[in-house]
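J.: Take this structure, written in structure tokens, and hold onto it; I'll ask about it next.
Please treat every number below as a calculation from the coordinates, not as lab data. No experiment lies behind these values; they were computed from the predicted model shown. Cβ coordinates were reconstructed from backbone atoms using ideal geometry, including for glycine residues, and neighbour counts include every protein chain displayed.
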């Protein structure tokens, strides 16, 4: 049978196998042990010397609390270490400037200080018992520290998700103010350039789970992202990206089926409202084109967006197509584009309408593509040019007359 516990043990002292006398020795030397631990931390860990004076002071407080926690734990009847006693001695913000691995270095240093002096702390025949108890304490403290850091990471993640949603919402509303700048800087987007907005449908499931998986993929690909679920729409902002269409294709699995539209690249986050408006308009307009590629640039949907009343898209379409045709080759390109579309894309019929040779029509079609970037032999390009010509003729005719209302 195991020996019965002493009266003092059953009363609640030395329940981790060390005697009250050993505990008293440790308590008397607690200040000395804390000082030794602080000195070893300073000399053995280069990262400690890189901390600010305030942060070094917090580390010293944590070291002292570690010695006190060891004494409390040796007196207790619990196998677990209460890490809150240690980490509440310093602000929880310390977890943001000192990593978990460095915290474990700190725990090991405090434990080493006690282990080195075991012979001077333990009573007769208790050296091994104290050494084993200290090792158990260090293990439990390591687990407890990991829990503290996990909770801190979870809290930061929840806070970052709220900030992220607010920033995306501000971009969609076009509110590029100081408050948005501060929030973006907190998310690491203060100096991000080459920004584009992606808009697609949101898949079924938890928004939090969607964003977590989206961020994991983006991190693996080295893409800076912000994201938010806006009802049935998933809006993502990508930064520091030279090829946003390629980035959208790599991230496309996180969007539901349907159009995935990429807004134009803008210099920085505070100009992203323009990219967002184009992408949202394109996402709606893409439904009118069954063969829309995925992903697709919003500027490839200028005609569809114009039909739906997107005024910036209309202006851009006129700049790209109508004005170059009006200003080029004495108006012959505009005349040829009009005749070719009215002839249903028939080369010979176009030549007869214009009283020119078919080779002249071919030459002019090449000129149209050269000055506008749109090829009339491509059905979608032809549709875009036709919409641009319709809008251009309306603008050239001037404001429409008002129709008098009958009383």
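J.: Need one number: convex hull volume per residue for the range 334-400, Cα atoms only, in Å³.
T.: 84
J.: Also, quick follow-up: Arranged by the count of other C-beta atoms within 10 angstrom, fewest first, what order do 104, 389 take?
T.: With the sparsest Cβ surroundings first, the list reads 104, 389.
J.: Then there's this: With N set to the number of residues, divide the alpha-carbon radius of gyration of the range 190-298 by 2.2 N^0.38 Å and report two decimals.
T.: In units of the globular-protein estimate, the range 190-298 measures up at 0.97.
J.: Show me 255-266, 185-196 ranked by packing, highest mean number of other Cβ atoms within 10 Å first.
T.: Going by the mean number of other Cβ atoms within 10 Å, highest first, we get 255-266, 185-196.
J.: At a 10 Å Cβ-Cβ cut-off, how would you order 141, 180, fewest neighbours first?
T.: With the fewest neighbours first, 141, 180 line up as 180, 141.
J.: With a 10 Å Cβ neighbour count serving as the proxy for reagent exposure, in which order, fewest first, do 310, 300, 112 appear?
T.: Ascending Cβ contact count within 10 Å gives the list 112, 300, 310.
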